[in-house]
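> Structure below; questions to follow.
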Amino acid sequence: MPSPRSPRSFRSPRGSRSLRSPLACVAAPAAALALLAPLTACGGSAGADADAAELTVYSADGLKSEDGSGFYDKVFAQFTKRTGIKVKYVEGGSGEMVQRLAREKANTKADVVVTLPPFIQQADGKGLLGTYRPQGSEGVAAGDKDPAGKWTAVVNNYLCFLRNTDKVKTAPRTWDDLLDPRYKGKLQYSTPGVAGDGTAVLVKALHDFGGKDAAMAYFKRLQENNVGPSSSTGQLAPKTDKGELLVANGDVQMNYATMKSMPRLGIFFPAGPAGKPTTVAMPYAAGLVRNAPHADNARKFLDFLLSDDVQQQVSSVGGGFPARSAVRADDPNAKALAEIMKGVEIVRPDWQDIDKNLASYVAAWKQATGS
């Protein structure tokens with residue numbers, strides 16, 4: 001089983017505070033030391049040596065573990081061994097990473113950025129991404145990469161819901177099942193516009209109910225059962241495992257990874273009026289940072305992430321899904337993940353539209369729920 005990952009949350013376009021801990025470098029021995037480390041230690045400095053055997057990655061969390069067994073831990077070490085290029089790593093919420101890139105636009109420190117949608121689109125819209133189509137990106141689904149070559153998915157992942165299997169023996173089949181009074185005060189989903197997975201809940205509802213008005217009418221009804229806002233999705237799984245919650249939201253990679261230590265978690269996908277269970281694709285998308293100080297090294301790293309060897313490790317080490325469709329992982333994790341996703345329709349939203357209209361969607365959700 002892959003190691004459990006930390007909660008993933010991000011700032012909204014209005015700058016809501018991310019719950020992720022302050023940025024830290026890979027080399028920092030402890031979180032306390034990371035708080036004291038100068039920013040240049042993580043992200044380079046003005047006048048960086050373009051020929052230096054290094055690169056800096058800004059990334060949303062979820063792919064690196066505290067015990068050193070995560071996907072990034074393994075892949076960074078393998079890349080350095082193969083190329084001699086050292087990877088410096090800065091981690092935070094997706095929105096936080098984009099905001100930091102924007103602040104540093106006149107003095108770029110990062111070489112590669114990895115975020116969830118719609119923030120990779122936001123980075124593009126702010127002119128923060130260069131153009132590069134990594135080797136292997138032709139095998140990534142059209143909906144999981146930018147047609148102009150600004151970004152491409154490197155790890156696929158999907159929204160899910162959770163139940164406490166001891167207390168909820170049969171998974172709720174539909175959205176309407178979640179309105180059952182038994183879930184009053186025992187159901188919680190992370191906040192749209194603040195948590196990545198919470199935003200995906202909103203996107204799924206927009207799809208399943210066929211538009212904003214019907215989706216908001218549903219959220220208004222669901223609020224009767226909802227515990228209240230949660231800016232971190234990751235904190236909901238432990239509460240569900242303990243029975244403090246009966247139902248919550250999450251994502252497949254994160255929750256599959258935690259099922260070994262939280263054995264009372266069950267993953268499910270509620271269906272909308274059409275009757276078919278659906279999920280939302282939430283890929284980790286990577287792009288070359290515009291004016292990257294080590295652009296050549298960044299291109300090599302992006303190629304490496306989509307290589308056969310690394311894509312095979314997405315499931316076996318990371319507990320996620322390969323971004324390249326031709327990669328057919330057959331490790332135990334891959335088989336278990338395929339069974340979880342069996343019969344579930346994958347929705348690939350128009351993330352450009354979501355990026356453009358997210359503020360209005362979140363405002364409508366707040367009005368519907370009184371949040």
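> Remind me, relative contact order of the chain in percent, using alpha carbon pairs under 8 angstrom and six or more residues apart?
25 percent
> Taking the Cα centre of the stretch 112-214 as the origin and placing charges on Cβ (Lys, Arg +1; Asp, Glu -1), which of Leu128, Tyr158, Tyr183 is farthest toward the positive end of the dipole?
Tyr183
> For Cα pairs less than 8 Å apart in space and 6+ apart in sequence, what is the mean separation divided by the residue count of the stretch 186-238, i.e. the relative contact order in percent?
54 percent
> Tally Lys and Arg at +1 and Asp and Glu at -1 over the other residues with C-beta under 12 Å from the C-beta of Thr278: what net charge comes out?
+1
> Lys/Arg Cβ at +1, Asp/Glu Cβ at -1, dipole of the stretch 60-127 taken about the Cα centre: which of Phe79, Ser69, Pro118 is farthest positive-ward?
Of the options given, the answer is Phe79.
> Connecting C-alpha atoms closer than 10 Å in a GNM of the chain, tell me which of Gly185, Gly95, Gly320 has the biggest fluctuation.
Taking springs between Cα atoms under 10 Å, the residue moving most is Gly185.
> In which sequence would Glu339, Glu66, Glu345, Glu91 go, from the one with the fewest C-beta neighbours within 10 Å to the one with the most?
Details: Glu339 8, Glu66 12, Glu345 15, Glu91 26.
Neighbour counts put them in this order, fewest first: Glu339, Glu66, Glu345, Glu91.
> Picking from Ala292, Ala329, Ala52, which is most flexible by a Gaussian network model of the chain using Cα springs under 10 Å?
Ranking Ala292, Ala329, Ala52 by mean-square fluctuation puts Ala52 first.
> Still on this structure, please answer the following. Please compute the net charge surrounding Asn333, taking Lys and Arg as +1 and Asp and Glu as -1 over other residues with Cβ under 12 Å from its Cβ.
-1
> Further question: Compare Phe268, Phe79, Phe301 in a GNM of the chain, Cα atoms joined below 10 Å, and give the one with the largest fluctuation.
The residue that fluctuates most here is Phe79.
> With contacts defined as alpha carbon pairs under 8 Å and 6 or more residues apart, what's the relative contact order of the stretch 223-270 in percent?
33 percent
> Which Cα, out of Ala326, Gln352, Gln312, lies furthest along the positive dipole direction of the stretch 303-371 (beta carbon charges, K/R +1, D/E -1)?
Selected residue: Gln352.
> Let me ask something else about it. Counting Lys +1, Arg +1, Asp -1, Glu -1, what net charge surrounds Pro172 among other residues with beta carbon under 13 Å of its beta carbon?
Surrounding charge for Pro172 is +3.
> Still on this model: List Val90, Val154 from most exposed to least, where exposure is judged by having the fewest other Cβ atoms within 10 Å.
Val90, Val154
> Another question, if that's okay. Please arrange Ile267, Ile340, Ile120 by how many other C-beta atoms lie within 10 Å of their C-beta, fewest to most.
The fewest-first ordering by Cβ neighbours comes to Ile340, Ile267, Ile120.
> Treat every Asp and Glu Cβ in the chain as -1 and every Lys and Arg Cβ as +1, leave all other atoms uncharged, and give the resulting dipole magnitude about the Cα centre to the nearest 20 debye. Walk me through the intermediate numbers first.
Working: 46 positive and 37 negative charges, 146 e Å.
Charge dipole, the chain, about its Cα centre: 700 debye, nearest 20.
No lab work stands behind these numbers, since they all come straight from the coordinates. Predicted model only: the values in this text are computed from it and were never measured. Note that we place each Cβ from the backbone using ideal geometry, even for glycine, and neighbour counts take in every protein chain shown.
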